[in-house]
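These notes are about the structure you will find just below.
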Amino acid sequence: MEFPCSFPLKVMGQKSDAFEKAVRGILSRHLPGIAVEYESRPSGTGKYLAITATFTATSREQLDALYRELNAHELVVMTL
């Protein structure tokens, strides 16, 4: 992977305002000044929500830190 590059990050969790707020907060801390495009899609049952955030990644370290914090959050079920 060559940096900088456009990077789509998918985060899944139970559908709630708290989940969306947590994901956006974590991304804003790790991506200051970087534009992020968000798309969200509920699961077929409506219980879960998948958020895809596309942004310009600047380094492997940046991505690793994002994945660590997202995966450690109690409302996040999975990241891809």
### Task
Select from region 35-65 the residues that are within 15 Å of V23 (Cα to Cα), surrounded by 13 or more Cβ atoms within 10 Å (Cβ to Cβ) and touching a strand residue (DSSP E or B) at 6+ places or on another chain (Cβ under 7 Å) and list them in ascending order.
V36, Y38, S40, Y48, L49, A50, I51, T52, A53, T54, F55, L63
### Query
Which ones in region 61-76 are over 18 Å from P8 (Cβ atoms) and either of a type outside the set (D, E) or in contact (Cβ under 8 Å) with a residue 60 or more places away in the chain (or both)?
R68, A72, H73, L75
### Task
Output the residues belonging to region 19-45 that are under 18 Å from P4 (Cα atoms) and among the acidic types (D, E).
E37
### Query
Got a sec? Which of T52, T56 is more than 10 Å from the chain's Cα centre (by Cα) and of a type in the set (S, T, N, Q)?
T56
### Query
Can you name every residue in region 1-28 that is in a loop (DSSP other than H, G, I, E, B), loosely packed, with under 12 Cβ neighbours inside 10 Å and touching a Phe, Trp or Tyr at 6+ places or on another chain (Cβ under 9 Å)?
M1
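No lab work stands behind these numbers, since they all come straight from the coordinates. As the structure is a computational prediction, the values presented were derived from the model and not from experiment. Neighbour counts are summed over all protein chains in view; Cβ atoms, including those assigned to glycine, are modelled from backbone coordinates with ideal geometry.
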